[in-house]
1. Please compute the length gained on full extension between VAL170 and ASN156, using 0.36 nm multiplied by the number of residues separating them and subtracting their Cα-Cα distance.
2. Could you state how much accessible area GLU73 has, in square angstrom rounded to the nearest 10, with a 1.4 Å probe and all protein chains kept in place?
3. Would you grab the residues whose amide H sits under 5 Å from the one on ASN156? Only those 5+ places off in sequence or on another chain, please, with H modelled 1.01 Å from N.
4. In square angstrom, what is the accessible area per residue of the chain with a 1.4 angstrom probe?
5. For ASN19 and HIS204, FRET efficiency with R0 = 22 Å and r from the beta-carbon atoms, rounded to 0.05?
6. Please compute the net charge surrounding HIS62, taking Lys and Arg as +1 and Asp and Glu as -1 over other residues with Cβ under 14 Å from its Cβ.
7. With the full set of protein chains in place, find how many percent of the accessible area of the chain is carbon and sulfur; take the probe as 1.4 Å.
8. Report the extension gain between ALA186 and ARG60 in nm, rounded to one decimal, defined as 0.36 nm multiplied by the number of residues separating them, less their alpha carbon distance.
Amino acid sequence: AFESGSLGIDIECQGPHLNQEHLLAWQAAIYLGRIHNGLSGEKFIVPANEILRLMGKDYRDHDQRKSLWKLFEDLQGTRVFLTSHRSRYVGNLLDSAAQDGETKLVGIRLNPDLAVLLDDETLNNDIMRMASLGRNHLAMWLHNYFATWSSYRTVNVHELHRLCGTSLDVRRFRYRLKQAGKALIACERSFFTKFDVRDDDVVHVEKKST
């Protein structure tokens with residue numbers, strides 16, 4: 001179960017264990033669904049290359065293509081329970097996915113009921129900004145975490161260590177955190193204006209409105 005902080009949305013998932021790779025595939029599907037008028041539940045067809053590109057992957061890598069299909073299998077098999085101050089929802093993250101073995105085109109059908117909730121209540125993260133972070137999973141997690149904040153706030157290293165569920169010890173996590181902060185400042189269309197890890201382990205973040 002998860003709580004999205006200031007958005008006041010409780011989310012519980014049942015099914016396959018999801019990770020940052022699933023998040024990237026899901027965000028890419030939602031982004032492409034908006035472009036191709038697929039949020040209403042209509043099936044839309046896109047090249048696998050385009051999905052991988054939006055995920056920050058090497059679209060020429062055969063293994064990446066195989067992994068993409070497994071990600072969509074997991075997303076289709078995941079039930080999500082969402083509760084907010086104004087609504088409750090239960091359903092699958094993805095209605096269906098299909099791929100042509102010759103053309104490698106992928107047909108995606110989003111869950112139209114969930115799409116309405118996404119359009120109405122959730123944060124619209126910039127997919128190109130996420131893709132530019134590549135495989136820096138900590139930076140991607142921090143991106144989504146801080147995107148729910150207002151322009152200024154502080155949090156300590158130990159709290160971030162606990163929240164993100166890393167297996168790193170605090171010393172190594174602190175180093176990775178500093179590197180991830182640099183990546184967030186430098187990434188495409190960054191909304192971060194400051195990311196400092198102080199000597200007292202307080203993380204000071206300043207950002208543009210999101």
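1. Length difference between fully extended and current span is 3.9 nm.
2. Estimated to the nearest 10 Å², GLU73 gives 90 Å².
3. Those lying under 5 Å, H to H, from ASN156 are VAL203.
4. Accessible surface, normalised per residue, equals 54 Å².
5. Given R0 = 22 Å and the Cβ-Cβ separation, E is 0.20.
6. Residues close to HIS62 contribute a combined charge of +3.
7. Answer for the chain: carbon and sulfur cover 47 percent of the accessible area.
8. This chain segment gains 42.8 nm when fully extended.
The values are calculated or read from the model by the stated rules, or taken from the named source; none is laboratory data. Given the structure is predicted, the values throughout are model-derived calculations rather than measurements. As a convention, Cβ positions derive from the backbone with ideal geometry for all residues, glycine included, and neighbour counts pool all protein chains shown. Remember, those area values only see protein heavy atoms, side chains included, never the ligands or the DNA or RNA. Shrake-Rupley method; radii C 1.70, N 1.55, O 1.52, S 1.80 Å.
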